[in-house]
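Notes follow the structure.
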Amino acid sequence: MRRITRIFAFVLCISLLCCMFGCDLFEKKETPDTPTAIGRKNDRVSVVTTIFPPYDFTRQIAGNLADVTMLLGPGEESHTYEPTPQDIIKIQKCDIFIYTGGESESWAEDILSSLDNKSVKIINMMEITDVVEEEIVEGMENDEESEQDEAETGDEAQQHEIEYDEHVWTSISNAQKITQAIADALCELDEQNSAVYTSGCERYLGELSSLKKTFTRIVADGTRKTVVFGDRFPFRYFTDEFGLEYFAAFPGCAEQSEPSAGTVAFLIEKVKAESIPVVFYIEMSNGKVAETIAESTGAETMRFHSCHNVTMDEYVNNTTYIDLMKQNAEALEKALN
């Protein structure tokens with residue numbers, strides 16, 4: 001995604017206003033539907049995350065010992081999110097700020113570069129995991145490459161900035177690394193409760209290990225190793241972890257939602273040729289491309305959740321990362337057999 005952000009100027013304006021009137025100028029009362037609060041309450045550690053996975057990991061580790069805020073509202077799309085003045089103040093006031101670190105969150109870099117509160121502990125998930133480049137596989141839409149070819153010639157085409165896949169949490173091993181980093185930060189900031197955080201982390205790492213074993217068994221017992229997504233594909237880390245081959249309409253951070261006839265035809269032929277029983281779509285998607293492929297092949301459509309965010313119903317029902325990944329496990333078992 002290549003958006004031109006205006007966040008830096010926005011932050012400067014807020015800083016000036018805060019100096020003149022104090023930060024309370026922008027405060028607003030939180031509603032029961034908002035994922036918790038601003039700053040420390042009752043001496044609890046205040047944690048702000050941009051998206052759902054680290055929000056949930058922190059809850060699993062800390063329980064009620066931390067005030068955890070997710071900036072992305074339930075049901076919102078992370079790739080189009082931009083922070084509000086209240087969101088910026090939450091970051092300025094928190095003890096720990098956790099973000100992905102990719103291009104879709106470039107606004108965070110602007111905010112952090114002008115942060116007055118230098119005591120905020122920052123966790124960049126892409127910095128603590130092994131990242132891979134965005135990948136364009138056979139049949140996948142790549143409008144970005146066409147635009148680049150038009151704009152660049154010769155050596156310029158070879159010098160464009162490398163884009164890395166941001167969806168690091170879809171690998172369970174990466175989820176474990178992020179969990180450990182959060183626990184370490186909590187222990188450092190709140191030594192009095194470090195034993196609780198350590199215990200919570202160990203328990204949760206065990207649950208993630210059990211989940212990883214489930215996926216390993218499903219893949220090992222499957223009759224095929226190929227999955228098809230009639231949608232964006234934010235699961236590169238997941239398929240790499242479990243040795244799966246994939247075909248999809250778009251890469252993970254693609255902005256377009258209407259694939260070309262050639263892409264749809266390719267995926268239809270792939271499903272037919274390999275007798276693939278399930279075509280996946282992702283959360284927050286209308287699933288129309290997957291339905292088109294399914295109608296032409298007799299396959300079933302099923303959701304595969306990247307866990308980047310949850311719906312309001314899922315949020316109210318306290319749905320967790322592990323809940324969503326268990327649903328994925330059931331869907332994957334059907335797709336591979």
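The values are calculated or read from the model by the stated rules, or taken from the named source; none is laboratory data. Every value quoted in this text rests on a predicted model; they were computed, and no experiment measured them. Reconstructed Cβ throughout: ideal geometry from the backbone, glycine too, with neighbour counts over all protein chains shown.
So which helices (runs of 4 or more DSSP H) stay within segment 177-290 end to end and still have 3 or more residues that are surrounded by fewer than 17 Cβ atoms within 10 Å (Cβ to Cβ)?
Numbers: elements: 194-221, 236-242, 261-273.
In segment 177-290, the matching helices (runs of 4 or more DSSP H) lie at 194-221, 261-273.
Filtering 203, 236 for residues that are at pLDDT 90 or above and in the same structural domain as residue 291 (by TED's automatic domain parsing) leaves a single hit, 236.
Just to check your reading of the model, which residue among 168, 196 is farther than 20 Å from residue 51 by Cα and touching a helix residue (DSSP H, G or I) at 6+ places or on another chain (Cβ under 8 Å)? So that I can check it myself, show each step before the final result.
On the way: 168 fails: farther than 20 Å from residue 51 by Cα.
After ruling out the rest, the residue left standing is 196.
Checking the conditions here, which among 40, 2 is within 26 Å of the chain's Cα centre (by Cα), at pLDDT below 95 and surrounded by fewer than 14 Cβ atoms within 10 Å (Cβ to Cβ)? Unique residue meeting the criteria: 2.
Within segment 65-94, the residues that satisfy the criterion of being part of a helix (DSSP H, G or I), in contact (Cβ under 8 Å) with a residue 24 or more places away in the chain and not hydroxyl-bearing (Ser, Thr, Tyr) are 65, 79, 85, 86, 88, 89, 90, 91, 92, 93. Inspect all residues belonging to segment 137-151 and state whether any of them is surrounded by 15 or more Cβ atoms within 10 Å (Cβ to Cβ) and modelled with pLDDT of 85 or more. Yes.
For residues in segment 291-324 being aromatic (Phe, Trp, Tyr) and outside any loop (DSSP other than H, G, I, E, B), which is surrounded by the most Cβ atoms within 10 Å (Cβ to Cβ)?
Step one: of segment 291-324, the residues aromatic (Phe, Trp, Tyr) are 304, 315, 321.
Remaining after also requiring outside any loop (DSSP other than H, G, I, E, B): 315, 321.
Details: 315: 18, 321: 26.
Across segment 291-324, the extreme among qualifying residues is 321.
Across segment 281-315, the number of residues qualifying as in contact with a strand residue (DSSP E or B) (Cβ under 7 Å, 6 or more places away or on another chain), touching a residue at least 40 places away in the same chain (Cβ under 8 Å) and under 23 Å from residue 104 (Cα atoms) comes to 5.
For segment 180-196, a residue qualifies if it is within 27 Å of the chain's Cα centre (by Cα) and without any contact (Cβ under 8 Å) to a residue 60 or more places away in the chain, and the qualifying residues are 180, 181, 184, 187. When segment 61-85 is filtered for residues that are among the polar types (S, T, N, Q) and closer than 19 Å to residue 121 by Cα, only 69 remains. Scanning segment 213-240 for residues that are without any contact (Cβ under 8 Å) to a residue 60 or more places away in the chain and among the aliphatic types (A, V, I, L, M) turns up just one, 220.
So which residues in segment 297-336 are over 15 Å from the mean Cα position of the chain (by Cα), farther than 16 Å from residue 228 by Cβ and not basic (Lys, Arg)? Hits for segment 297-336 are 312, 313, 314, 315, 316, 317, 318, 319, 323, 327, 329, 330.
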